[in-house]
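Have a look at the structure below before the remarks.
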């Protein structure tokens, strides 16, 4: 499950970066694919990021919710109800989502050798 979350997170990030940089046209199929990938990341984050006590509890809690917030901001862009500056906010939120998910998934207690 965590591998699927990581792969979909990075794929969403790469497609979004390509759209932002102008490497991909902002055609409806591409933006729709980016939106669907973002929804997949948000749902997988809710399921795959562990809950409960342990190290980095606050980071894990934020990592579970942050992709939902990023997707919500992305929906305002998709529906064209936000000013253009929100695209940059959404991009920064996406970068933060990648970092938070990596922190939450990568900082597990590992058994001693």
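The rows are residues; the columns are (1) modelled with pLDDT of 95 or more; (2) under 15 Å from residue 103 (Cα atoms); (3) in contact with a helix residue (DSSP H, G or I) (Cβ under 9 Å, 6 or more places away or on another chain).
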residue	(1), (2), (3)
11	yes, no, yes
21	no, no, no
40	yes, no, yes
49	no, yes, yes
55	no, yes, no
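Residue 68 meets the conditions (1) within 10 Å of the chain's Cα centre (by Cα); (2) closer than 20 Å to residue 14 by Cβ in every case but one. The failed one is (2). Residue check: is residue 3 closer than 17 Å to residue 102 by Cβ, at pLDDT 95 or above, out of contact with any strand residue (DSSP E or B) (no Cβ under 9 Å at 6 or more places or on another chain) and part of a helix (DSSP H, G or I)? No.
The values are calculated or read from the model by the stated rules, or taken from the named source; none is laboratory data. These numbers come from a predicted model, not from an experiment. A quick note on method: Cβ atoms are made from the backbone with ideal geometry, for glycine too, and the neighbour counts reach across all protein chains shown.
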